[in-house]
Amino acid sequence: MRRKSVHRLFVVATGLCAVAAVALLVLIVWSIASRGWAALSWSFFTGHMREVGADGGIFHNLIGTLILLATAAATSTPLALAIALVHGVYLRHHRLRRFVGLGLTILNGVPSILFGLFGMIVFVQWLGWGKSWLTGGLLLGLMILPTVSVSLIERIASLPDRYLEAAAGLGLPTSRIIRSVILPQSLGGLLTGSLLGLARAAGETAPIMFTATIFAGATIPQGIKESPVLSLPYHIFVLAQDSFDPAAGGRLWGAALVLLGLVLTLSLAALPARLRLHEEAHDT
Amino acid sequence: MAMEHRRGRVSLIKAASWAFTLLAAGAVVAMVGLFVWQSRPVWRHAGWGFLSGREWFYRQEIFGAAPMIYGTLVVAAVALGLAAPIGIGAALFTSEFLPRRLRIPVKVSLELLAGVPSVVYGLLGILLLRGWVYDLLEPWEPLSGDTLLTAGLLLAVMILPTVMTLTEDALRGVPAAQRLAARGLGLTATEVVLRVSLPQAAPGILAAVLLSLGRALGEMIAVFLVVGRQDNQWPSPLLTLRPLTEAGQTLASKLGGAETNIAYGDPLHWSAMVGLALVLLALVTSLTLLGARLRRSDHAP
Amino acid sequence: MTPDPILHIQSLGVTAGPRPLLRGVSLAVPEGSVFGLIGPSGVGKSTLLKCCNRLVDLTPALRVTGTLLFRGAPVFDRRLDVDALRTRIGILFQQPAVFPCSVLANVLFGARPLARVPRRELPALAEHALREAALWHEVKDRLDQPATRLSVGQQQRLCLARTLATDPEVILMDEPTSALDPQATEAIEHLILRLRGRRTVMLVTHNRAQARRVCDAVARFAVVDGAGTVVETGPAGTVTADAPETGG
Ligand SMILES: Nc1ncnc2c1ncn2[C@@H]1O[C@H](COP(=O)(O)OP(=O)(O)OP(=O)(O)O)[C@@H](O)[C@H]1O
Ligand SMILES: [Mg+2]
């Protein structure tokens, strides 16, 4: 009977932990949504910011964030494809493959503020650029590179060997096998990884605050070197600091809600594929 | 491929793949290399004192990173002290006791929780947590709600999903046949967890904790907003809990502040900032490496 | 009048969602006998075994109907302590599942939490179980070594010792020799014969000759109307004689 009581106690204790974790999510989403809801309107999305965020909309912040995301995707896609192919096809040696994997793991762990500093050194100090959307996009692309690559690598590794053997049996050269078998089959992995990576990139402030984004005064960038953008996370970051103007409060929560919505949409879009992988792993 | 070579054509895909891979590798190496290279002046200026020095006054060219290292460690310790037990407990519950139908919604919620941007956590920290901590610390007469404790609590919430997801991964590595065999011997579900799942998943769970710790050490935005950013806070006596109720500074919050822009024009000051970045990178990377090692030894049979 | 069977299965059915796996299974397993279950793959023999000690509970997709009595008491009783039941009805799987710890810890894996014997008598219990499983002489000098280093045949006997250490009244064996070489198989068969009389054994096997060698009675399963059921029961010699071989 003592064993039964230990069991009950253990289930209750761990169950409380799980409830706490889920409750936190509900609390967070609720805190943002209940406060930000009132600010949402058509003009909030299409209007320009006025009076230091106390009035107007977040049009250019949203556009800026989307520009950064598009650039990040354009940066990470070719790099991730290349890494995945090198890892899955060209590198024959087990040790070397593991080395690539380790490199990605390390890069994945690098704190995002360090990407910001790195960007400052390379683009501002060396190249003499000012704040630029391109710098931000490149840094975010580098930051999410591990997420995208690993997703691709896993997908390629899960391709049945018989596909490749069949293709090789037909006498196709490696490059043809890549183009006609591996790439089409692994696009799903690219998509999932990119969605996950972009979900992370969309909310990041640290890599772009010194290199790409400003609080006010930027519109659609006209050039590269001196063309910063506005962005949602930096907007929230600046307004949140110290005791901000209470009048900006409602709109600040509105912006946070939009950012949260953007991020959660991106991660939700990646979810089905991830769950499938997860459950497959669970059953075997 | 042999055919192509005979035609004297190097595969474009192959060339591009290697080129881009080397480019990415180059970027990573460049990052580490630059941090080392650009921080040389401060190492020459302060030597090991850069790590052990307790004062940072850039106008007097005094650069001691110890208070920031201390702040980073304290904040991360608070975060881990809370997030590790709760996260591991929750992961045990979802993966060992929860029926599959409920497991998936919980799992989805947690993946979403992991995706909430840090600036949003920071905002919630400022508007909710800060006041709450201030009230909590009332008896110790805090100057404000911006304290190392606040930052630690906020970080705990932030890394909780990471701890959980990685712990679940580790638990999933334990073969189902072993659980079945143990139940077949008459062990209770809890005994199976304690005697079969946990011991076998232990390296993976430790890895989960280390990787989460790495995240906590490097988090800038959320910490920045609630930590108070007070320089030169050093505890005396060393093991007092007093600093928890006071404002402090972490490596990341220092790097995210205005001083990074100020330092830009002055080579020594700049190299001190880059030095902080290097210390942070070294801390986090060693944790990542250790975690990766544990995870691998865990997966090997 | 024969004595009451130790396991009495009455029109047992198992379904996985809409799909029936077992239907109308009735069996009486006499105490102390070695009772064989034969039949084609996928007919539900393993599922039936898992019903006997309620390991089916761990597969939420499966629903069980009908009655299964263990010493006259219903096994599928909500209030029953299933963990206690499983120590009384032990199970041995096709693949030995040893835990990644020492040989000694493996033998005592089920017995230790039971806390039936004082701590200092555990080594003696382990020795007893290992002797009963005819493994003692092979492992007595390596009790502290990882059990995973044993050969598969030794691991299977270790699993048997582990079960014996909890002193079960019934041992369910699910094709215990199909992963083993002929010598290890012979060792296990020998053990089953030694257990006979003292413990009840339910043995799933694909091997007719094995059934004839070790079983007192045999139930033959077949798929009827899309679900597995018992089509024939009787002494090992008669049931197995005319049935088609199912391989293994
Ligand atoms: N969880 C489950 N959900 C659905 N069907 C299941 C489940 N578990 C087992 N089955 C099905 O039940 C049937 C019987 O399985 P079982 O393992 O009992 O057969 P068996 O007679 O032991 O076969 P074998 O001789 O190959 O071991 C199989 O058709 C199997 O697909
Ligand atoms: Mg079977």
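The values are calculated or read from the model by the stated rules, or taken from the named source; none is laboratory data. Because the structure is predicted, anything quoted here is derived from the model rather than measured. Neighbour counts run over all protein chains shown; Cβ positions are idealised from the backbone, glycine included. The area values use the complete protein model at the heavy-atom level, side chains included, leaving out ligands, DNA and RNA. Shrake-Rupley method; radii C 1.70, N 1.55, O 1.52, S 1.80 Å.
Table for the structure above
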item	result
Unique residue being among the β-branched types (Val, Ile, Thr) and surrounded by fewer than 24 Cβ atoms within 10 Å (Cβ to Cβ) when the list is B:VAL42, B:VAL119, B:VAL78	B:VAL78
Some residue of region C:90-98 being part of a loop (DSSP other than H, G, I, E, B) and within 10 Å of ligand 1 (Cβ to nearest atom)	yes
Failed item in (1) in a loop (DSSP other than H, G, I, E, B); (2) facing chain A (nearest Cβ under 10 Å), with B:ARG54 passing the rest	(2)
C:LEU130 within 20 Å of C:ARG198 (Cα to Cα) and touching a Pro at 6+ places or on another chain (Cβ under 6 Å)	no
Unique residue being surrounded by 15 or more Cβ atoms within 10 Å (Cβ to Cβ), touching a His at 6+ places or on another chain (Cβ under 8 Å) and either aliphatic (A, V, I, L, M) or within 17 Å of B:GLY184 (Cβ to Cβ) (or both) when the list is C:ALA134, C:ALA161	C:ALA134
Any chance C:GLY153 is surrounded by fewer than 23 Cβ atoms within 10 Å (Cβ to Cβ) and in contact with an Asp or Glu (Cβ under 8 Å, 6 or more places away or on another chain)	yes
Selection status of B:LEU129, more than 10 Å from chain A (Cβ to nearest Cβ), assigned to a helix (DSSP H, G or I), farther than 30 Å from C:LEU85 by Cα and touching a residue at least 40 places away in the same chain (Cβ under 8 Å)	yes
Qualifying positions in region C:181-206 - within 16 Å of ligand 2 (Cβ to nearest atom) and surrounded by fewer than 21 Cβ atoms within 10 Å (Cβ to Cβ)	C:HIS206
Contacts under 9 angstrom Cβ, first residue in region A:104-129 being touching a residue at least 40 places away in the same chain (Cβ under 8 Å), partner among the acidic types (Asp, Glu), 6 or more apart	A:PRO111/B:GLU219; A:SER112/A:GLU204; A:SER112/B:GLU219; A:ILE113/B:GLU219; A:PHE115/A:GLU204; A:TRP129/A:GLU226
Failed criterion for B:VAL174 (all others in (1) part of a helix (DSSP H, G or I); (2) within 30 Å of C:PHE99 (Cβ to Cβ); (3) of a type in the set (A, V, I, L, M, F, W, C) hold)	(1)
Positions within region C:15-54 being within 14 Å of another protein chain (Cβ to nearest Cβ) and either away from ligand 1 (no atom under 11 Å from the Cβ) or touching a His at 6+ places or on another chain (Cβ under 8 Å) (or both), in sequence order	C:CYS52, C:ASN53, C:ARG54
One residue from A:ALA168, A:ALA216 being at pLDDT below 85, open to solvent by 30 Å² or more (accessible area, probe 1.4 Å) and part of a helix (DSSP H, G or I)	A:ALA168
Residue identified as buried (at least 17 other Cβ atoms within 10 Å of the Cβ), more than 18 Å from the chain's Cα centre (by Cα) and facing chain B (nearest Cβ under 10 Å) among C:ALA61, C:ALA105, C:ALA111, C:ALA97	C:ALA105
Residue within region A:236-252 that is in contact with a Lys or Arg (Cβ under 8 Å, 6 or more places away or on another chain) and either part of a loop (DSSP other than H, G, I, E, B) or modelled with pLDDT of 90 or more (or both) present	no
Residue in region B:94-104 that is without any contact (Cβ under 8 Å) to a residue 60 or more places away in the chain, at the interface with chain A (Cβ under 7 Å from one of its Cβ atoms) and surrounded by fewer than 19 Cβ atoms within 10 Å (Cβ to Cβ) present	yes
All positions within region C:145-186 that are β-branched (Val, Ile, Thr) and either more than 16 Å from ligand 1 (Cβ to nearest atom) or under 30 Å from C:GLU121 (Cα atoms) (or both)	C:THR148, C:VAL152, C:THR163, C:THR166, C:VAL170, C:ILE171, C:THR185
Selected residue (criterion: nearest to C:LEU80 (Cα to Cα)) from residues of region C:1-57 that are more than 16 Å from ligand 2 (Cβ to nearest atom), of a type outside the set (Val, Ile, Thr) and touching a helix residue (DSSP H, G or I) at 6+ places or on another chain (Cβ under 7 Å)	C:ARG54
Matching residues, region A:105-122, being surrounded by fewer than 23 Cβ atoms within 10 Å (Cβ to Cβ), more than 7 Å from chain B (Cβ to nearest Cβ) and within 19 Å of the chain's Cα centre (by Cα)	A:ASN108
Residue selected from region C:64-87 under the condition among the β-branched types (Val, Ile, Thr) and assigned to a strand (DSSP E or B), by the criterion most open to solvent (accessible area, probe 1.4 Å)	C:THR65
Residue in region A:132-149 that is buried (at least 24 other Cβ atoms within 10 Å of the Cβ) and farther than 22 Å from B:GLY218 by Cβ present	yes
Those helices (runs of 4 or more DSSP H) lying entirely in region B:208-295 with at least 2 residues among the polar types (S, T, N, Q)	B:259-263
Where C:LEU125 falls short, out of the listed (1) over 16 Å from the mean Cα position of the chain (by Cα); (2) within 13 Å of another protein chain (Cβ to nearest Cβ); (3) away from ligand 1 (no atom under 16 Å from the Cβ)	(2)
Test: residue in region B:193-207 that is within 14 Å of chain C (Cβ to nearest Cβ), in contact with a Ser or Thr (Cβ under 9 Å, 6 or more places away or on another chain) and open to solvent by 10 Å² or more (accessible area, probe 1.4 Å)	yes
Scope region C:154-180; condition within 16 Å of ligand 2 (Cβ to nearest atom) and more than 11 Å from chain B (Cβ to nearest Cβ); matching residues	C:GLN156, C:MET173, C:GLU175, C:PRO176, C:THR177, C:SER178, C:ALA179, C:LEU180
Positions within region A:6-52 being more than 10 Å from chain B (Cβ to nearest Cβ) and β-branched (Val, Ile, Thr), in sequence order	A:THR46, A:VAL52
